[in-house]
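Taking it in order: structure first as structure tokens, then the write-up.
The values are calculated or read from the model by the stated rules, or taken from the named source; none is laboratory data. Not measured: the values here are computed from a predicted model. Neighbour counts run over all protein chains shown; Cβ positions are idealised from the backbone, glycine included.
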């Protein structure tokens, strides 16, 4: 008795492979999105902890007459007091900071040394709030502004004493884990955050390269003057 054994044709096999490929693609894309969202959440959590660490530093570091002060940045290049990219704040003997902008001094603060993409957190502090010889009082005002865009943006926060940011997934303009500088950004908003000498930072929702203003994935945080004053008053360091 003869038995017919049917098998898959090449066409049927090709259709099965296409379907499997589509199914795998549908699974992998959400997975990559979940991984990226986790990294964003972890970085945001680290920034929240950094804010608390900065406030805690000011609460526990005061000048000769009990005025609090914030830590100095960790410089990124050689020159002056201190070692670049070591995580320690770099402060002159007279109390002023060697630089006003650089790496977050993670070792000084005992916080995360990099964001979830392996780049250093960027840190800028107003000179009047970081001078250990004079400290700050309620009369001092921050010189940092956070706005919604580099061109024609509106102010999100003004008179900010200190700002910290992650340069996001693309890491453009960041100091990387080995102390090198990543490629510069191409969008005006990300470029504003890497100006180096500017006191203006940009913060808004993430956008991709197809957006009118270009790609933006920086994550910016700051401490408002009122928050800092209130916490220092609670700590007994301001009248």
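Tallying residues that are surrounded by 17 or more Cβ atoms within 10 Å (Cβ to Cβ) and assigned to a strand (DSSP E or B) within the stretch 157-172 yields 7. Give the residue that is surrounded by the fewest Cβ atoms within 10 Å (Cβ to Cβ), with candidates limited to residues of the stretch 101-113 that are assigned to a loop (DSSP other than H, G, I, E, B) and touching a strand residue (DSSP E or B) at 6+ places or on another chain (Cβ under 6 Å). Once the filter is applied, the top-ranked residue is 105.
Exactly one residue out of 234, 224, 210 is surrounded by fewer than 18 Cβ atoms within 10 Å (Cβ to Cβ), over 17 Å from residue 157 (Cβ atoms) and at pLDDT 95 or above, and it is 234. Restricting attention to the stretch 146-156, the residues being surrounded by 19 or more Cβ atoms within 10 Å (Cβ to Cβ) and outside any loop (DSSP other than H, G, I, E, B) number 2.
For (1) surrounded by 18 or more Cβ atoms within 10 Å (Cβ to Cβ); (2) out of contact with any helix residue (DSSP H, G or I) (no Cβ under 6 Å at 6 or more places or on another chain); (3) touching a residue at least 24 places away in the same chain (Cβ under 8 Å), each residue gets a yes or a no:
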position: 61; (1), (2), (3): no, yes, yes
position: 89; (1), (2), (3): yes, no, no
position: 98; (1), (2), (3): yes, yes, yes
position: 136; (1), (2), (3): yes, no, yes
position: 141; (1), (2), (3): no, yes, yes
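Checking 50, 55, 40, 65 one by one, the residue that is touching a strand residue (DSSP E or B) at 6+ places or on another chain (Cβ under 6 Å) and modelled with pLDDT of 90 or more is 50 and no other. Does residue 216 meet the test of being buried (at least 16 other Cβ atoms within 10 Å of the Cβ) and farther than 21 Å from residue 73 by Cβ? So residue 216 fits the description; yes. Taken as a whole, the condition of being within 12 Å of the chain's Cα centre (by Cα) and either crowded, with 16+ Cβ neighbours inside 10 Å or in a strand (DSSP E or B) (or both) does not apply to residue 132.
Residue count for the stretch 77-90, restricted to those that are at pLDDT below 95 and under 17 Å from the mean Cα position of the chain (by Cα): 0. Only a single criterion out of (1) surrounded by fewer than 16 Cβ atoms within 10 Å (Cβ to Cβ); (2) at pLDDT below 95; (3) under 16 Å from the mean Cα position of the chain (by Cα) is not satisfied by residue 194, namely (1).
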